[in-house]
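Let me begin by presenting the structure, written as structure tokens, before commenting on it.
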Amino acid sequence: MKNKKRVFSGIQPSGDPHIGNYIGAIRNWVADQEEYDNIFCVVDQHAITASYDPEELRRNVRQLVAVYLASGLDPSRCSLFVQSHVPEHTELAWLLMCVTPMGWLSRMTQFKEKSEGKQEQVSAGLFTYPVLMAADILLYQADGVPVGDDQKQHVELARDTAQRFNHLFGETFTVPQPIIRPVGARVMGLDDPTRKMAKSESGQNHSIGLLDEPDRIRKKLARAVTDSHKEIVFDPRRPGVFNLLTIYRSLSGQSQEEIEAHFEGKGYGDMKRELADVVIATLEPVQARFRELTEDPAYIDELLAEHAARVRVIARATMDKVRRVMGLR
Ligand code: AQP
């Protein structure tokens with residue numbers, strides 16, 4: 001019997017984690033870790049759906065695990081593991097692929113965006129990625145999936161898949177809910193505030209990396225796109241300023257009214273400097289802990305092995321049931 005509701009979530013090790021991943025996902029996992037039974041994963045098999053370098057992938061996986069820990073995920077309250085260490089994820093993904101209509105996958109906006117103009121070249125893995133994500137979630141019978149806004153559609157597909165499977169084969173999966181915070185669920189690029197901040201965007205001033213040096217953060221924020229107005233207010237029609245103020249709001253914990261009152265009469269330069277102070281103060285302890293953790297790689301290896309073994313017990317129990325109801329045993 002589960003006492004607390006279970007949450008599952010993960011991040012792809014597809015590049016350097018950024019402040020969008022932190023505000024939209026990681027820090028919410030940390031804030032709520034007392035409330036839930038927590039399972040967090042580094043989803044390395046999602047990161048191979050586009051072209052990648054194997055050495056870099058290995059490095060990114062370790063880096064991301066250290067970022068999880070450095071951000072405050074407590075290994076005594078959370079299971080932290082790497083997706084490919086638990087082979088049941090891909091087995092379940094195949095079985096779910098056989099009950100997921102192609103039409104559902106064709107409607108996924110992330111696939112449409114990422115494959116735009118190159119449908120002939122992108123991998124079949126990029127197209128079926130949401131089914132692997134559904135498998136990640138359903139394998140652990142998760143009740144909730146804390147994510148940023150861009151992943152809402154994929155969590156809804158996992159819900160639909162669970163419901164369809166339960167209808168076809170009998171009650172097997174918990175039907176999961178997305179858990180999305182109202183503020184900071186979609187942090188936008190600093191260089192183009194109409195596009196989501198993403199690891200795969202290459203622009204020098206696109207994102208703030210969680211491991212960026214203070215000087216770099218100041219420079220990037222100083223160059224962030226704003227507009228030709230003057231007032232510093234939360235106006236979604238002015239996406240650059242709105243995005244910077246949203247980051248400020250998410251990290252400072254102040255309300256919209258307090259922030260607008262604070263910046264009344266000040267200029268964009270002041271606002272960007274103060275935002276840099278808030279970002280740097282947030283990231284300083286994370287970066288210090290990250291440096292400590294990377295000095296002891298054996299600690300991370302042992303933790304990953306132990307936690308993979310722990311979650312595998314749940315994964316195996318789910319798979320036993322799935323194979324049975326599907327007539328594969
Ligand atoms: N810009 C964002 N604002 C708020 N939340 C975000 N997330 C990602 N970008 C933002 C949330 O971070 C978690 C991990 O995302 P992911 O790595 O699994 O995939 P993604 O959403 O595709 O993230 P990226 O950074 O944009 O990576 P690439 O470029 O590799 O696709 C999720 O909870 C996500 O919502």
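The values are calculated or read from the model by the stated rules, or taken from the named source; none is laboratory data. From a predicted model like this one, the values you see are computed outputs, not experimental measurements. We place every Cβ from the backbone using ideal geometry, glycine too, and count neighbours over all the protein chains shown.
Quick notes on this structure:
- Residues in the stretch 196-248 that are among the basic types (Lys, Arg) and either within 13 Å of the ligand (Cβ to nearest atom) or at pLDDT 95 or above (or both): Lys196, Lys199, Arg216, Arg218, Lys219, Lys220, Arg223, Arg237, Arg238.
- The residue that is farthest from the ligand (Cβ to nearest atom), counting only those in the stretch 18-47 that are among the β-branched types (Val, Ile, Thr) and in contact (Cβ under 8 Å) with a residue 60 or more places away in the chain, is Ile39.
- Test for Gly327: is it small (Gly, Ala, Ser), without any contact (Cβ under 8 Å) to a residue 60 or more places away in the chain, out of contact with any strand residue (DSSP E or B) (no Cβ under 6 Å at 6 or more places or on another chain) and not in a helix (DSSP H, G or I): yes
- Val286 meets all of the listed conditions (1) surrounded by fewer than 17 Cβ atoms within 10 Å (Cβ to Cβ); (2) modelled with pLDDT of 95 or more but one, namely (1).
- Residues being touching a Ser or Thr at 6+ places or on another chain (Cβ under 9 Å) and within 14 Å of Thr194 (Cα to Cα) - total across the stretch 232-255: 5
Here is a yes/no grid of residues against (1) within 16 Å of the ligand (Cβ to nearest atom); (2) surrounded by 15 or more Cβ atoms within 10 Å (Cβ to Cβ); (3) assigned to a helix (DSSP H, G or I); (4) hydrophobic (A, V, I, L, M, F, W, C):
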| residue | (1), (2), (3), (4) |
| --- | --- |
| Ser79 | no, yes, no, no |
| Ser84 | yes, yes, yes, no |
| Trp94 | no, no, yes, yes |
| Thr100 | no, yes, no, no |
| Gly103 | no, no, yes, no |
| Gln110 | yes, yes, yes, no |
| Glu113 | yes, no, yes, no |
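- For first residues located in the stretch 98-124 and over 27 Å from Thr194 (Cα atoms), partners that are in a helix (DSSP H, G or I) and of a type in the set (Ser, Thr, Tyr) and lie 6+ apart or on another chain with Cβ distances below 6 Å form the pairs Thr100/Thr161.
- Some residue of the stretch 184-193 being out of contact with any Gly (no Cβ under 9 Å at 6 or more places or on another chain) and farther than 19 Å from Met271 by Cα: no
- Members of the stretch 125-144 that are aromatic (Phe, Trp, Tyr) and free of Cβ contacts under 8 Å to residues at least 40 places away in the same chain: Phe127
- Looking only at the stretch 145-188, and only at residues there that are in a loop (DSSP other than H, G, I, E, B) and without any contact (Cβ under 8 Å) to a residue 24 or more places away in the chain, the one that is surrounded by the fewest Cβ atoms within 10 Å (Cβ to Cβ): Pro182
- Residues in the stretch 115-140 that are among the small types (Gly, Ala, Ser), in a helix (DSSP H, G or I) and surrounded by 12 or more Cβ atoms within 10 Å (Cβ to Cβ): Ser115, Gly125, Ala134, Ala135.
- For Arg291: the one exception among (1) charged (D, E, K, R); (2) more than 20 Å from Ala66 (Cα to Cα); (3) out of contact with any Leu (no Cβ under 6 Å at 6 or more places or on another chain): (2)
- Hey, Gly15 more than 21 Å from Ala124 (Cβ to Cβ), part of a loop (DSSP other than H, G, I, E, B), within 11 Å of the ligand (Cβ to nearest atom) and in the same structural domain as Asp143 (by TED's automatic domain parsing) or not: yes
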